[in-house]
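A quick write-up on the structure given underneath.
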Amino acid sequence: MCGRFATSSEDDIVDAFDIHVVTTHIDPSWDVRPTQQIGVIVEDVAAARRDDRDVVRELRSARWGLVPSWSKALDKKVLLINARSETVLSKPSFRVAARQRRAIIPASGYYEWARNPDGTKTPFFLCDPDQPCLGFAGLYEWWKVPDGLQVTGADEGWLCSATIITKPATDSLGHIHDRMPVVVPHAMADAWLDPDLTDPDQVDALLHSIPDPALVPTERTPG
């Protein structure tokens, strides 16, 4: 899984992913946690039509922990911070977003804790030394906030939330944790964010064609 990660600077994100519009400024952090506001990169179809452009790539904020659009309440005990690549197109919480609201979540790396023989755990930071700004495959969703409920991050009665897609870890990283985020290569960002790609079989094929990243683990405590 991916439960803690670090973020790059906004300038690095804009340059790495060819962002057109920054809707919400996100400060870099070495310790991003669930329920915090994170940066998400999306293709804004409405803005593209308004501006008579083919596409508008937007960096905006979202609550980390996807809230399905059909949820009746904000369940603070259930945090959908990760979605499994194997079931993301079949699980009710994710399947619509997987077809219609894919995102890239920019990060400089993520943390995992390896279990030692004596029962203790060692924190590792996993990153690509040659790629300071990674892009995790993610999904985002909109949830209508009930009248009278105050929710951090909500805008005009709507909450944008997101999740990170994970996959089985490669052999070189599996000794630390059995799962890892799906990392979208910069060359595949256009395909992953393409709003016209909605066929579930094609989305699944694209998801499983994303190659494993070259990540290096270094002992590091978050923060």
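When PRO129, PRO123 are checked against the criterion of being surrounded by 12 or more Cβ atoms within 10 Å (Cβ to Cβ) and farther than 20 Å from GLN37 by Cα, a single residue qualifies: PRO123. Residues considered: ALA103, ALA137, ALA162, ALA97. Of these, the only one that is part of a helix (DSSP H, G or I) and out of contact with any Ser or Thr (no Cβ under 7 Å at 6 or more places or on another chain) is ALA97.
Here GLY138, GLY119 are screened, and the one residue that is under 17 Å from the mean Cα position of the chain (by Cα) and among the small types (Gly, Ala, Ser) is GLY138. Within region 110-134, the set of residues being outside any strand (DSSP E or B), polar (S, T, N, Q) and either modelled with pLDDT of 90 or more or within 14 Å of ARG4 (Cβ to Cβ) (or both) comprises just one member, THR120. Filtering region 200-211 to residues that are exposed (fewer than 15 other Cβ atoms within 10 Å of the Cβ) and either without any contact (Cβ under 8 Å) to a residue 40 or more places away in the chain or under 18 Å from the mean Cα position of the chain (by Cα) (or both) leaves ASP201, GLN202, ALA205, HIS208, SER209, PRO211. Just one of the listed residues (ALA154, ALA162, ALA169) is open to solvent by less than 30 Å² (accessible area, probe 1.4 Å) and free of Cβ contacts under 8 Å to residues at least 12 places away in the same chain, and it is ALA169.
Would a scan of region 81-90 turn up a residue that is open to solvent by 30 Å² or more (accessible area, probe 1.4 Å), in contact with a helix residue (DSSP H, G or I) (Cβ under 6 Å, 6 or more places away or on another chain) and at pLDDT 95 or above? Within region 81-90 (the criterion being open to solvent by 30 Å² or more (accessible area, probe 1.4 Å), in contact with a helix residue (DSSP H, G or I) (Cβ under 6 Å, 6 or more places away or on another chain) and at pLDDT 95 or above), the answer is yes, since at least one residue qualifies. Scanning for something part of a helix (DSSP H, G or I) and either open to solvent by 10 Å² or more (accessible area, probe 1.4 Å) or at pLDDT 95 or above (or both), does region 28-42 turn up at least one residue? No, every residue in region 28-42 fails to be part of a helix (DSSP H, G or I) and either open to solvent by 10 Å² or more (accessible area, probe 1.4 Å) or at pLDDT 95 or above (or both).
The values are calculated or read from the model by the stated rules, or taken from the named source; none is laboratory data. Keep in mind that this is a model prediction, so the values were computed, not measured. Ideal geometry is used to build each Cβ from the backbone, glycine not excepted, and the neighbour counts take in all protein chains shown. Note: accessible area is taken over every heavy atom of the protein model, side chains too, but ligands, DNA and RNA are not part of it. Shrake-Rupley method; radii C 1.70, N 1.55, O 1.52, S 1.80 Å.
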